[in-house]
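Input: a single structure, listed below in structure tokens.
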């Protein structure tokens, strides 16, 4: 009886971005759980027909081009996966502590919330602070937390209350201590991220074949639902390209002793 090679596909997707300015890679990074991973190969042919007698019959066909691509979905919403989705970079930002930092909020609008420490180079602002003091422009009145304003440490937002003693259009002076802290930062970019992609097979049924794509360009490919009742997923597509001196795709089975 012939061997049956029925397969149920499972496996891990690993990605190694090219080092800056090169097509060389360092280590592969596991993308976490990927519920979907699929490939699509399309080819275009130039056909020739003999039309000397009777019906035209195809007597030659030449493959003129092939396009290889794929899609994958990741549901591990880690910083580096988000950066991949945004064509961007992920890094850990370290913020040094500071005592008695000051700033002015001009023309306050009651009910609005304000991020503190925002600058052109730091649009996020200060994410961890303490000892906040809010005063009028002259510095003669200190406003009360819970009565004149609310400060929410978890979001680092300052909200001026309608029922307090601060008026619309007032200028207020702030002072606070910046706590030393780190945070993950993801910044978007404008170019697809290039690298090598590896699919390591862990099939419950079927032979083991691992796939290597030495050169791919990864693109976001769909919606990231930031709010909803389902698990968040990151949909990607990727183009499989030909790297100089290599083939586009390598597939290898499990090693064995001959």
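Taking every C-alpha pair closer than 8 Å and separated by at least 6 residues, the mean separation divided by the residue count of the range 97-179 gives a relative contact order of 50 percent.
For the range 139-258, the relative contact order comes to 17 percent (Cα pairs under 8 Å, sequence separation of at least 6). I'd like to know how the range 106-258 sits against the 2.2 N^0.38 Å rule of thumb: what's its Cα Rg over that expected value? Output field value: 1.80.
Estimated from the Cβ-Cβ distance and a Förster radius of 25 angstrom, the FRET efficiency linking residue 103 and residue 152 is about 0.90. By the gyration tensor of its Cα atoms, with a ≥ b ≥ c the square roots of the eigenvalues, what is the shape of the chain: rounded for a/c under 1.5, prolate for a/b over b/c, or oblate? Verdict is prolate for the chain.
Here the sum of -39500 (n - 2.57) over DSSP H runs of 4 or more residues, divided by the residues of the chain, equals -500 deg cm²/dmol at 222 nm, to the nearest 500. Computed on the range 199-258, with alpha-carbon pairs under 8 angstrom and 6+ residues apart, the relative contact order is 39 percent. Between the range 202-257 and the range 4-70, the C-alpha centres lie 12 angstrom from each other.
With 10 Å bins from zero, work out the P(r) of the range 97-179 over every alpha carbon pair and list the percent per bin. Calculated over all Cα pairs of the range 97-179, the distribution is 18, 56, 24, 1 percent.
Find the Rg to Rh ratio for the range 95-144, where Rh is the Kirkwood radius over alpha-carbon pairs and Rg uses the same atoms. Computed over Cα atoms, the ratio is 0.95.
We did not get these values from a lab; they are worked out from the coordinates using the rules stated. The structure displayed is predicted, hence computed values, not measured ones. Virtual Cβ from ideal backbone geometry, glycine too; neighbours counted across all protein chains shown.
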